[in-house]
Amino acid sequence: MSYARNKRAKERRKARINIADIEKLQERRKQKIQRDNLEKEEKIKTLIKIEEELGITLVHGAMTYKCEECGKSWEMWLEIGVEGREKIMPCPFIIRCRCGGTAVHIDWQNDIYLPEPRPLGENMSYFKLDREGLKKKDVNACGIPILRKEG
């Protein structure tokens, strides 16, 4: 009888240790995510500051959108912070086309990923970082579609 009781007691201690270990691992993971997010935010803030100082918009990739009404397709470039590795806000899946129709993100497998940010060209449409949403820490902030004239 004492052997069985001893065995159960050992199993309970082992279970408590495992739970404690799991809680420690979860806490470490949470701290790492917080550090990574702070680093990401700092990088984004630095890049935004550079954009403002130079009067340019930096983009890191693009997605193709196609209008269901007129059939035109085009790239929507992504300002830093909108989607991608340093994502702090998403971009909409559906946007309004120049013709007034509805355009959707297509050919996901052909999205463009740039190795380094580059300045946005003059006539390139893009998703602008919602700076107001960012300042307010709005969890629903989303990239703002800016449609430039066709070039």
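The values are calculated or read from the model by the stated rules, or taken from the named source; none is laboratory data. All figures in this text were calculated on a predicted structure; none of them were measured in a lab. Reconstructed Cβ throughout: ideal geometry from the backbone, glycine too, with neighbour counts over all protein chains shown. Just so you know, the surface numbers come from the protein's heavy atoms only, side chains and all, with ligands and any DNA or RNA stripped out. Shrake-Rupley method; radii C 1.70, N 1.55, O 1.52, S 1.80 Å.
Data table
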{"quantity": "The chain - mean residue ellipticity at 222 nm from DSSP helices (-39,500 (n - 2.57) per run, n ≥ 4, rounded to 500)", "calculated": "-14000 deg cm²/dmol"}
{"quantity": "Accessible area in the full protein assembly, largest first, 1.4 Å probe, for Trp74, Trp108", "calculated": "Trp108, Trp74"}
{"quantity": "Ranked packing of 28-36, 138-146, 62-70, most packed first, by mean Cβ within 10 Å", "calculated": "62-70, 138-146, 28-36"}
{"quantity": "The range 1-110 - charge dipole about Cα centre, Lys and Arg +1 at Cβ, Asp and Glu -1, debye rounded to 20", "calculated": "1620"}
{"quantity": "Directionally averaged projected area (convex hull, Cα atoms, the range 49-132), nm²", "calculated": "6.0"}
{"quantity": "Over the chain, volume per residue of the alpha carbon convex hull, in Å³", "calculated": "177"}
{"quantity": "Cα-based Rg of the range 37-81 normalised by 2.2 N^0.38 Å, two decimals", "calculated": "1.56"}
{"quantity": "Sites Ala9 and Lys32 - FRET efficiency at Förster radius 35 Å, r taken between beta-carbons, to 0.05", "calculated": "0.50"}
{"quantity": "Principal-axis tilt of helix 2-54 within the chain, Cα atoms, nearest 10 degrees", "calculated": "20"}
